[in-house]
Amino acid sequence: MNPPKKNSILTLCGLIVLALLLALASLWPGMHKEDSSLALQEMKTLPDTLRVVTLSGSTTYFTYKDEPMGYQYDLISLIAKRMDKPMKILVAPHADSMLRLLESGAADLCITPQAVTQSGRKRWRYTGPQMLSGLVLVQRKNTGKSDYVHKVTELAHRTLTITPDDRYEERLQHLSEQIGQPIAIQVAEEGHVTEESLIGDVAAGKIPYTVADYLIAKTVSTYYNNVDISVEIGFRQQLQWVVRPGEKVLADSLDAWAAQIPKQKGYQSIYKRYFELSKGIQEAPIRLTAHGDLSAFDDIFRQEARRLQGWSWQLLASIAYFESNFTSEVVGWSGARGLMGIMPSTGRIYGASANELLNPAVSVRVAVDCLLAIRKSYAHISDADQQLKICLAAYNAGIGHVTDARRLAAKYGFDPDVWDGNVEECIKMKREPQYYNDPVCRAGYLRGTETLKYVNNVFGRMQQYCTKFKK
């Protein structure tokens, strides 16, 4: 056999060296190929803990069932995990204070998306995931042919109800001039009015049309199956996170990781969680099983209800219906698991793993533990029905939000120990910035609408169950 030629050996060695260099570069997406040592040195300038500032809101950051959530929050959590960086979340009360925290160096990154503009480039370095958003028309899917709007030119001579937002009013006035026909603009009165509440009014048939930000409308539409947001009003605008102009290494690193995110399975789950999975509470007439029971789990409900000391097993059955429709292995959009809709973090507190929560007996046992712990916080409330309703609100949204609502009640002249017409009104107020940013609040934004429905539906169904089953 002839020995290999010298050139062949050199070529092979070169290929091996090149492969090693490429492998090293792949370990750090932001590494400069031409100067890896410089890149490694720059990596050391990244903060040990990523201080993230944001506004509380439906598409940014909020807590539900005592768990931090939000589309932007989940995205930065995914990226921080990939970067192996712990995070500290700073929630600002308004946009000006949020951006001041970033400018002052108290925060490293703002994840409430900012519009990409020429003037903005002089102030910030845009970074991270690129998003598009703009204004959309919100209307019902099941309107008559003459009422359904297919394109913006068909808005002529129609009435649109909007929030007191000058940007929206100016855009519609400009659109009216463009199409050469008047658009009737009805600005909702100041008070308990948000884009979300107006979308709810459209779904309920109270108003025919409203206008909302696309990302907000897409999120809120998952709570209603009869809302259409397909008609865009103007062009979408590019949005991104921002860092200070000098934070080149951090921005480059976030850009590199963000470019990989859409290919990750985790990202697809996040997108579906907020923009696709249905979140509305559905209620159907009571149907008994072939054996004349409410469900296959009635014996478990009866057994565990003995610990509730005054609350019936039918209460547990009603909670199970609305949490899982009596499906023991379901996982909800929020991550709540099993028959009773328990969050994994709550399960761990009461000694149950995420997998164990899919066991009906474990799920009901943990649910009773939760209810007993919640009831201790409201033991002073003498009216049994009001106490139970407040406890159900805490079970659904988290005790932090109910505590906020009771503080708001005390501040604004409501009774903090009465749900009906009092705390329930303050729960609704927590979807409005002026209230969830109130100094007495600690838990931030909450949609509230679903918690109201949850309390009323669970309590009402429980009463029906008690009528049908006396024992």
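A few comments on the model shown:
- Shown for the chain are the DSSP H helices of 15 Å or more along their axis, judged by Cα atoms, with a mean Kyte-Doolittle hydropathy of at least 0.5: 6-26, 313-324, 360-377.
- Gyration tensor (Cα) of region 205-256, equivalent ellipsoid semi-axes in angstrom: 35, 12, 9
- Ranked by the mean number of other Cβ atoms within 10 Å per residue, highest first, peptides 456-462, 195-201 order as 195-201, 456-462.
- Under 18 Å from Lys145, Cα to Cα: aspartates and glutamates that are on another chain or at least 8 residues apart: Glu154, Asp228
- The Cβ shell under 10 Å around Tyr435 holds other residues with a net charge of +1, Lys and Arg each +1, Asp and Glu each -1.
- For region 275-308, trypsin sites (Lys or Arg not before Pro) meeting the loop criterion (DSSP other than H, G, I, E, B) and having at most 12 other Cβ atoms within 10 Å: Arg287.
- With the simple spin-label model, which puts each label point 7 Å out from Cα in the Cβ direction, the Ser104 to Trp333 separation comes to 3.6 nm.
- Between Ser97 and Asn456, the contour length at 0.36 nm per residue exceeds the alpha carbon distance by 125.5 nm.
- The chain shape via C-alpha gyration tensor axes, a/c threshold 1.5: oblate
- The listed residues Asp66, Asp383, Asp228 rank as Asp66, Asp383, Asp228 when sorted by accessible area, largest first, using a 1.4 Å probe.
- Value at 222 nm in deg cm²/dmol, rounded to 500, when DSSP H runs of n ≥ 4 in the chain each add -39,500 (n - 2.57): -14000 deg cm²/dmol
- Distance from region 430-471 to region 346-414 (C-alpha centre basis), Å: 11
- For region 98-154, the spread of Cα coordinates along the three principal axes comes to 54, 21, 19 Å, biggest extent given first.
- Cα-based equivalent ellipsoid of region 179-324: semi-axis lengths in Å, sorted from largest, via gyration tensor: 42, 28, 15
- Cα-based Kirkwood hydrodynamic radius, region 37-170, one decimal, Å: 18.2
- Arg140 long-range amide H proximity, modeled H, under 5 Å: Asp228
- Whole-number percent relative contact order across the chain, with pairs defined as alpha carbons under 8 Å at least 6 apart: 15
The values are calculated or read from the model by the stated rules, or taken from the named source; none is laboratory data. A quick note: this is a predicted structure, and the numbers were derived from the prediction, not measured. Here the Cβ is made from the backbone with ideal geometry for all residues, glycine too, and neighbour counts use every protein chain on show. Side chains included, ligands, DNA and RNA excluded: accessible areas come from the protein's heavy atoms. Shrake-Rupley method; radii C 1.70, N 1.55, O 1.52, S 1.80 Å.
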